[in-house]
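Some notes on the structure that comes next.
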Amino acid sequence: MPEDSDWEVYKVPPTRTPVSERTTSVPNPVTFFQTVFSYVIDAPVTFVREWIERQQAKNKFYYYHQKFRRVPDLSECLEGDYLCFFEAEAQWRRDRLVDQEIVEIVRERLGACKQREGPNQFQNCAKEVEQLAQVTKAYQDRYGDLGVHGNARTCLMKQKHRMMEERKAQANASQ
């Protein structure tokens, strides 16, 4: 600031903040409602929320590691037990998704091996090729020819027919 500044134009702020003087004896309704809200609504809700968080911290649930108990197969369900039929169908669908992912993972490993090895892929990726052949054959044996609307019952019938054909082939071979 220049030396010849006018102190009346640039007043110095007060050194202490003045205390507001109450002009009435009635309490402020805003502070009253804030206090009531804090004790009546906020405190119990906060207490319950913190209690729930403590309980959840004890029992962590990881949705991506969900483990389902194995339910009886469709062949083990009693006649007319529709809940067992439903559970077996859900189990079959989960098994089918898992088997699809297994085939996809093995296929990705083979692709990575081929990419990594380049021209030597036929020598160095023979194990992955064999594994992919085994996995796809097992998947095809179980789920092949079922179509998009396949279910546990048709899969079970396909398995039964395949077993009957294998028995006939053994009987014909032994004769």
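The values are calculated or read from the model by the stated rules, or taken from the named source; none is laboratory data. A quick note: this is a predicted structure, and the numbers were derived from the prediction, not measured. Note: ideal-geometry Cβ built from the backbone for every residue, glycine included; neighbour counts use all protein chains shown. These accessible areas exclude ligands, DNA and RNA; they are computed on the full protein's heavy atoms, side chains included. Shrake-Rupley method; radii C 1.70, N 1.55, O 1.52, S 1.80 Å.
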**Study point:** The listed residue being open to solvent by 100 Å² or more (accessible area, probe 1.4 Å) and modelled with pLDDT under 90, out of Phe61, Phe47, Phe37
**Key:** Phe61
Exercise for review: Determine whether Ile52 is of a type in the set (A, V, I, L, M), assigned by the TED database to the domain that holds Thr154, open to solvent by less than 100 Å² (accessible area, probe 1.4 Å) and assigned to a helix (DSSP H, G or I).
Suggested key: no
Exercise for review: Just one of (1) closer than 30 Å to Cys113 by Cβ; (2) open to solvent by 90 Å² or more (accessible area, probe 1.4 Å) trips up Met164, so point out which.
Suggested key: (1)
Exercise for review: For the stretch 91-101, name all the residues that are closer than 17 Å to Gln140 by Cβ and surrounded by 14 or more Cβ atoms within 10 Å (Cβ to Cβ).
Suggested key: Trp92, Asp95, Arg96, Asp99
Check your understanding: Before we move on, is Ala173 among the aliphatic types (A, V, I, L, M), more than 32 Å from the chain's Cα centre (by Cα), modelled with pLDDT under 90 and in a helix (DSSP H, G or I)?
Key -> yes
Point to revise | From the options Leu110, Leu132, residue that is assigned by the TED database to the domain that holds Ala152, surrounded by 13 or more Cβ atoms within 10 Å (Cβ to Cβ) and touching an Asp or Glu at 6+ places or on another chain (Cβ under 7 Å) | key: Leu110
Exercise for review: Go through (1) farther than 30 Å from Met157 by Cβ; (2) modelled with pLDDT of 90 or more and name the single condition Glu87 misses.
Suggested key: (1)
Exercise for review: Please list, ordered by first then second residue, the pairs with beta carbon atoms under 7 Å, 6 or more apart or interchain, first in the stretch 158-175 and more than 12 Å from Asp141 (Cα to Cα), second part of a helix (DSSP H, G or I) and open to solvent by 90 Å² or more (accessible area, probe 1.4 Å).
Suggested key: none
